[in-house]
Amino acid sequence: MVAKNIEAGKDLIANQLCRYLEERGTKHVFGLCGHTNIAILSAMADSGLEFVNVRHEQISSHAADGYARVTGKASVVLSHLSPGLTNAATGVANAALDCIPMVVIAGDIPSYYYGKHPHQEVNLHADGAQYEIYRPFVKRAWRVDTPELLPEIMEKAFQLAESGQPGPVLVNVPMDYFSAQIDNALWDKQSANTKALKKPSIDDETAREIIGTLLSATNPVIYAGGGVALSRAWDELKELVDHLSLPVSHSLMGKGCVPDTHPLVLGMTGFWGTTLTNKTTLKADWILGLGTRFKEADCSSWYPEYTFNIADGASKLIHIDIEPQEIGRNYPVEIGAVADLKSALKVLVRVAKDMAPNGIKRPEVIEEIAQFRAAFKAANTEMQTSDAFPMMPERILADLRLAMPDDAILTSDVGWNKNGVAQQFDILTPGSILIPGGFATMGFGPSAAIGAKIAAPERVVISLVGDGGFGQNPAVLATAAAEGLAVIWVVMNNNAFGTIAGLQKAHYNMTYGTTFAKANDVMEQTPDYAAIARAYGCDGVRPASAAAFKPALEAAIASGRPTVIDVAMINNPTPTTGHWNILDIYSPEGGVGHVSTA
């Protein structure tokens, strides 16, 4: 920073904040410059922190989201005031609805200008209220009212973001405070505080009640949600599944919590779930829900005849979650427990081995799952091997699975790349798929892949995204080129917002406002995302046939270069077996389903 006269025992807050972040183990900060935060950037230049520069703030918050999902720790976003904060808001809200820990540090106008409406201040209804913008979705939004409070607030911010049900928080700092001097002792005091709280578990009595209930059940089923990934409880869940031979269904966010090739994995439930999964959860007498809200699409809009019949008492629910408000949110609960899933599952596994030392065998369940998988695969074989061009989405997924390493990280977006992947694409390494669940944000996947690659540079990272989603913010390529990040973006280009186009075609027999203008030749469609990639300094490929896609993907993986593969795709909506009540709204007489070719 610019040299200033520093009083003994004090330092500039900008310098102190950078040291604090380093001491917490922060390595990267995602963001974009502005006049309210350049004091921090200047201090960061002489620190051990690395600033990941982006061209749009939404990229920074999505990238920080992906980074946090891979590391399991709170990521840090540095934002400018007003337009910077609102640009980042969508990514922060996406993180909030998926319970991803994040600390957003935002610059604000000088404290002594509150209410004067200086450059870029938001004050139409209240003075000094910029931080209120984030209040509906962050766990807490702080406005720092005196410089001396910042050390304590930063410590609270990280602790709150990472504890309980994780999520983003906002620390809003007037820009003059970054250049203020406060006692180093105020920051030193925070170093004595624990950096990780002990997480709650369940007692043996509760565990014995749960295991006893599962042992006496006729058709028990596990329903695993995103909380399994948040607590990194993959190994403990698999151990319980293996010992008691419990079939595993999962929500969208629970995808990959047990490898999809495991003989007891049923698959995703709900609207985009499979017939076997929905049938099995429907007939279950006891369901063990783990880290889930039982959200609408996963539960077929909670209609009892499609996926879960818990409300009517046909099935009974055991629900474990770190957040009390999630337990019983959408279905009545027989046994509810507030606990961290990793801690709770350790106890359940131990108690299960004590109560059933020889384990439980359910060969008939394993056989039913195996038969369904074989039939499902056979039904898709024609499309997975089709030479049609534009390509069948099933072939894109099949070729991607063949070329992609087992431990590669895959980020999805919205559309076939999310719903189709959850239904038809095997995730072999738990925690290796990053999905935008609650907010279902277009544009999440390309930027989240940046954060994932920075967090795990040794792993292959692939972003599977539609042309609508990639078009949201192709400036992500600038960051990849500048940072040398070998992310691969596979753009499933159906020249449309395909999922919505399918809905509109099915119910209104048109695709107005949901499809893009088509060129006479698929290779002339605009924009040419491969050419855009090359303009940013990345590699870009446009396969001219179905047979050319897999070699292009393999070459991109081998190259170690950021690469866009813009592949033309037929707009076939993802098959559905569950229900979504918007079908009733659009076509109340019935007889019209979701699946229709736009």
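The values are calculated or read from the model by the stated rules, or taken from the named source; none is laboratory data. Only a predicted model underlies this, so the values are computations on that prediction, with no experimental measurement involved. Heads up, the Cβs are rebuilt from the backbone with ideal geometry, glycines too, and the neighbour counts pull from every protein chain shown.
Quick one: how many residues across the range 112-134 are closer than 13 Å to L81 by Cα and small (G, A, S)?
Total satisfying the criteria: 2.
Among the strands (runs of 3 or more DSSP E) confined wholly to the range 237-334, which include 1 or more residues that are more than 23 Å from the chain's Cα centre (by Cα) and either surrounded by 21 or more Cβ atoms within 10 Å (Cβ to Cβ) or modelled with pLDDT under 95 (or both)?
Values: elements: 248-250, 265-268, 286-290, 316-321.
Strands (runs of 3 or more DSSP E) meeting the threshold: 286-290, 316-321.
Which one of these does A374 not meet: (1) surrounded by 15 or more Cβ atoms within 10 Å (Cβ to Cβ); (2) not assigned by TED's automatic domain parsing to the domain that holds R208?
Among (1) surrounded by 15 or more Cβ atoms within 10 Å (Cβ to Cβ); (2) not assigned by TED's automatic domain parsing to the domain that holds R208, A374 violates only (1).
Looking at A8, A63, A43, which is the one that is more than 30 Å from A408 (Cα to Cα) and in a helix (DSSP H, G or I)? Even if it seems obvious, please write down each step before you answer.
Working: A8 fails: in a helix (DSSP H, G or I); A63 fails: more than 30 Å from A408 (Cα to Cα).
Answer to the selection: A43.
Do we find that A88 is outside any loop (DSSP other than H, G, I, E, B), of a type in the set (A, V, I, L, M) and farther than 30 Å from C257 by Cβ in this structure?
no
For T411, state whether it is on the phi < 0 side of the Ramachandran plot and crowded, with 20+ Cβ neighbours inside 10 Å.
Working: on the phi < 0 side of the Ramachandran plot: yes; crowded, with 20+ Cβ neighbours inside 10 Å: yes.
It is true that T411 is on the phi < 0 side of the Ramachandran plot and crowded, with 20+ Cβ neighbours inside 10 Å.
Suppose we keep only residues that are among the acidic types (D, E) and in contact with a Lys or Arg (Cβ under 8 Å, 6 or more places away or on another chain) within the range 532-589. Which one would you say is farthest from G484 (Cα to Cα)? Spell out how you get there, then give the answer.
Looking only at the range 532-589, we keep the residues that are among the acidic types (D, E), and these are 539, 554, 566, 584, 589.
With in contact with a Lys or Arg (Cβ under 8 Å, 6 or more places away or on another chain) added as a condition, the list becomes 539, 566.
Working: D539: 12, D566: 20 Å.
Checked the range 532-589; the qualifying residue farthest from G484 (Cα to Cα) is D566.
Checking E22 against (1) under 20 Å from A482 (Cα atoms); (2) surrounded by fewer than 21 Cβ atoms within 10 Å (Cβ to Cβ); (3) free of Cβ contacts under 8 Å to residues at least 40 places away in the same chain: exactly one of these is not met. Which one?
Failing condition for E22: (1).
For the range 495-559, please list each of the helices (runs of 4 or more DSSP H) lying entirely inside it that holds at least 1 residues being at pLDDT below 90 and closer than 23 Å to S386 by Cβ. Let's see the steps before the verdict.
On the way: elements: 498-508, 529-535, 549-559.
Hits in the range 495-559: 498-508.
Please go through the range 52-86 and pick out each residue that is surrounded by fewer than 24 Cβ atoms within 10 Å (Cβ to Cβ), basic (K, R) and closer than 25 Å to F470 by Cβ.
R55
Please work out which residue is surrounded by the most Cβ atoms within 10 Å (Cβ to Cβ), limiting yourself to the range 94-113 and to residues that are in contact with a Phe, Trp or Tyr (Cβ under 8 Å, 6 or more places away or on another chain) and in a helix (DSSP H, G or I).
Filtering first and then ranking leaves N94.
Every residue in the range 124-152 that is of a type in the set (D, E) and at pLDDT below 95, please.
As a first pass, look at the range 124-152 and keep what is of a type in the set (D, E): 127, 132, 145, 148, 152.
Correct list: D127 only.
Restricting attention to the range 372-414, and to residues there that are of a type in the set (D, E, K, R) and farther than 29 Å from D521 by Cα, which single residue is nearest to the chain's Cα centre (by Cα)?
Taking the range 372-414 first, the residues of a type in the set (D, E, K, R) are 373, 377, 382, 387, 394-395, 399, 401, 406-407, 413.
Adding the requirement that they be farther than 29 Å from D521 by Cα leaves 373, 377, 406-407.
On the way: R373: 27, K377: 27, D406: 19, D407: 17 Å.
Looking at the filtered set, the residue picked out is D407.
Are there any pairs with C-beta distances below 8 angstrom linking a residue in the range 220-245 that is assigned by TED's automatic domain parsing to the domain that holds R293 to a residue that is among the small types (G, A, S) and at pLDDT below 95, with the two at least 6 apart or on different chains, and if so which?
These pairs meet every condition: G226/G437.
So how many residues does the range 114-168 have that are closer than 14 Å to A96 by Cα, part of a loop (DSSP other than H, G, I, E, B) and of a type in the set (G, A, S)?
Residues meeting the conditions: 3.
It is to be established whether one or more residues within the range 203-219 are in contact with a strand residue (DSSP E or B) (Cβ under 7 Å, 6 or more places away or on another chain), buried (at least 20 other Cβ atoms within 10 Å of the Cβ), of a type in the set (A, V, I, L, M, F, W, C) and not assigned by TED's automatic domain parsing to the domain that holds G431.
yes
Answer with yes or no whether E155 is modelled with pLDDT of 95 or more and under 21 Å from S61 (Cα atoms). Can you show your working first?
Numbers: modelled with pLDDT of 95 or more: yes; under 21 Å from S61 (Cα atoms): yes.
Yes.
For N417, state whether it is within 20 Å of G91 (Cβ to Cβ) and touching a helix residue (DSSP H, G or I) at 6+ places or on another chain (Cβ under 9 Å).
Details: within 20 Å of G91 (Cβ to Cβ): yes; touching a helix residue (DSSP H, G or I) at 6+ places or on another chain (Cβ under 9 Å): yes.
Against the criterion (within 20 Å of G91 (Cβ to Cβ) and touching a helix residue (DSSP H, G or I) at 6+ places or on another chain (Cβ under 9 Å)), N417 qualifies.
Just give me the residues in the range 180-211 being assigned to a helix (DSSP H, G or I), among the small types (G, A, S) and closer than 19 Å to K73 by Cβ, in sequence order.
Kept after step one, since they are assigned to a helix (DSSP H, G or I), are these residues of the range 180-211: 184-191, 204-211.
So of that shortlist, the ones also among the small types (G, A, S) come out as 185, 191, 207.
Correct list: S191 only.
Tell me whether the range 524-543 contains one or more residues that are touching a helix residue (DSSP H, G or I) at 6+ places or on another chain (Cβ under 9 Å), touching a residue at least 60 places away in the same chain (Cβ under 8 Å) and surrounded by fewer than 18 Cβ atoms within 10 Å (Cβ to Cβ).
Yes, the conditions are met somewhere in the range 524-543.
Need pairs with beta-carbon distance below 8 Å; first residue assigned by TED's automatic domain parsing to the domain that holds V29 and within the range 51-62, second β-branched (V, I, T) and in a loop (DSSP other than H, G, I, E, B); sequence gap 6+ or separate chains.
Matching pairs, first to second residue: S60/V54; H62/T441.
Take V173 and decide whether it is under 30 Å from F425 (Cβ atoms) and either surrounded by fewer than 19 Cβ atoms within 10 Å (Cβ to Cβ) or at pLDDT 95 or above (or both). Walk me through how you get there before you give the answer.
Numbers: under 30 Å from F425 (Cβ atoms): no; either surrounded by fewer than 19 Cβ atoms within 10 Å (Cβ to Cβ) or at pLDDT 95 or above (or both): yes.
Spelling it out, it is not the case that V173 is under 30 Å from F425 (Cβ atoms) and either surrounded by fewer than 19 Cβ atoms within 10 Å (Cβ to Cβ) or at pLDDT 95 or above (or both).
Return yes or no: is V349 out of contact with any strand residue (DSSP E or B) (no Cβ under 9 Å at 6 or more places or on another chain) and under 17 Å from K199 (Cβ atoms)? Quick ask: steps written out before the conclusion?
Numbers: out of contact with any strand residue (DSSP E or B) (no Cβ under 9 Å at 6 or more places or on another chain): yes; under 17 Å from K199 (Cβ atoms): yes.
So V349 passes the test.
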